[in-house]
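A short reminder: the numbers here are calculations on the coordinates, not readings from a lab. Values in this document were obtained by computation on a predicted structure and should not be read as measured data. All Cβ positions, even for glycine, are placed from backbone atoms using ideal geometry, and neighbour counts span all protein chains on display.
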Amino acid sequence: MFQDIIHAINKATSALTQGDLSYRISLGSSKSELDDVAAAINTMLERITHLMEKTRQASNTIAHDLRRPITYARFQLEDAALHAHSEEDLRTAIAQAIKHLDHITSICGALLRIADIEAGMCRAAFTWFDLALALQDVLELYTVVAENRGLIIKATFPEHLPFYGDRTMIQQALANVLDNAIKFSPCAGIITCTAHFLPPLPTAENNGSIELKITDQGIGMTPEEMAHATERFFRAEQARHAPGFGLGLSIVQAIVQLHGGQLHLADNTPGLIVRIDIPLPFPGKSATL
């Protein structure tokens, strides 16, 4: 039995080095340490397979999303080279091409931002700060944007809310969610934003958590769309013609996960509920604001 498991592990690792991710080790009933190792290898292979599939899907989507603005930019320049009758025509064509190239730059910038966050390269700016003040800064900006669209933002949170993390990233997460809520809400719609402290449970491995919730009355999502909403470039069916890259919630998800939190989406009938739960660390880091 011992030799069988060793042989199976060798076969699995050999298959992996040759690019075959389909092989799995048959587990016995002895529950030995080698069985634990074999189970861990199977789990690793499942994760690698899942990541490779996500990478393949993302690559296909990125290629599709980048091809269109590149094609448009090329068409503008070629058409100008062949048919421009004046310097003004050339300037117009070049300006249009630059606009399409700026679109590509924005997509690449967002992807690099997600990659940096997911790699954990952004924890250097983690510190204690007053989340209430940080939220207020974002809300002041987006309240004006909402009013220009005929929308109302109602916010409720404590005067002070100690939080440990990256202030700029948390503000970006809120801004992305509010931007979506405004973009997909009907005129006269109401967007609510709440934040409060949740005390720790007796068995919790944290010092409580912060719950941030944004609710809108917009187009919402189906359960299936919610399951894919944080995937890069995903666009819900009713949102396909709206401006944007489909990266907003991907960035939110990366920021929340970097802070050890969770992002939840739920139906508001009509609209969407976005809830962010982020744990706070135990005492040891000063919470003085």
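Per the Kirkwood formula applied to alpha carbons, the chain shows a radius of gyration over Rh ratio, Rg over Rh, of 1.08. Computed from backbone phi, the HN-Hα couplings of segment 230-243 come to 8, 6, 4, 6, 6, 10, 5, 3, 6, 9, 5, 9, 7, x Hz, rounded to whole numbers (Karplus: 6.51 cos²θ - 1.76 cosθ + 1.60, θ = phi - 60°; Gly and Pro given as x).
Legend: helices of the chain (whole DSSP H runs) are marked when their alpha-carbon atoms reach 30 angstrom or more along the helix axis and their mean Kyte-Doolittle hydropathy is at least -0.5; marked are 33-83, 87-118.
Segment 76-99 and segment 187-238 have Cα centres separated by 45 Å.
The HN-Hα couplings worked out from phi for segment 268-280 by the Karplus form 6.51 cos²θ - 1.76 cosθ + 1.60 (θ = phi - 60°) are 10, 6, x, x, 9, 10, 10, 10, 10, 10, 10, x, 9 Hz, whole numbers, x standing for Gly and Pro. Working from Cα pairs under 8 Å separated by at least six residues, relative contact order for segment 124-279 is 23 percent.
Once C-alpha pairs closer than 8 Å and six or more residues apart are averaged by separation and normalised to the residue number of the chain, the relative contact order reads 15 percent. Rounded to the nearest 20 debye, the dipole size of the chain about its Cα centre is 160 debye, using +1 on the Cβ of Lys and Arg and -1 on the Cβ of Asp and Glu.
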